[in-house]
Amino acid sequence: MQFSTVLAAEVGDYNGDGNIDILLGGNLYNVKPEVGRYDASYGSFLLGDGRGGFKNVPSKLSGFHLDGEIRDILKVKTSTGEILVIARNNDTLQVFKVLNQ
């Protein structure tokens, strides 16, 4: 699952099946020119099977598509349900509503 650097992760049940899932984000742009930036990741949603196995869910199906240098993923409970707040380096926040609660 590591297409680039992974710098942020959050676990929780994101599809309502009672199993723990994993969200990943990363990328790193400030590197030496001869190395090139690490920018191949658009986030990953790994669906847990409850037995320690995980399967990637493509962003077209999950709706979880991150852009930029991801530095943190935080799950926040609100009065209308849970949201995910994505912190991006020197950029705006991205926010996702967790639909399957």
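General remarks:
- Unique match (being loosely packed, with under 14 Cβ neighbours inside 10 Å, among the aliphatic types (A, V, I, L, M), outside any loop (DSSP other than H, G, I, E, B) and under 10 Å from the mean Cα position of the chain (by Cα)) among 23, 46, 84, 74: 74
- Subset of segment 26-43 (residues that are touching a residue at least 24 places away in the same chain (Cβ under 8 Å) and surrounded by fewer than 15 Cβ atoms within 10 Å (Cβ to Cβ)): 29, 40
- Within segment 3-23, residues that are in contact (Cβ under 8 Å) with a residue 24 or more places away in the chain and at negative phi have Cβ atoms under 6 Å from residues that are of a type in the set (Gly, Ala, Ser) and in a loop (DSSP other than H, G, I, E, B) in these pairs: 3/40; 3/41; 4/40; 4/41; 19/50, counting only partners at least 6 apart in sequence or on another chain.
- Hey, residue 63 at positive phi and touching a residue at least 12 places away in the same chain (Cβ under 8 Å) or not: yes
Read-outs: derived from the displayed coordinates by stated rules, not from any lab. Predicted, not measured: the structure shown is a model, and the values here were computed from it. Positions of Cβ are generated from backbone atoms using ideal geometry, with glycine treated the same way; all protein chains shown enter the neighbour counts.
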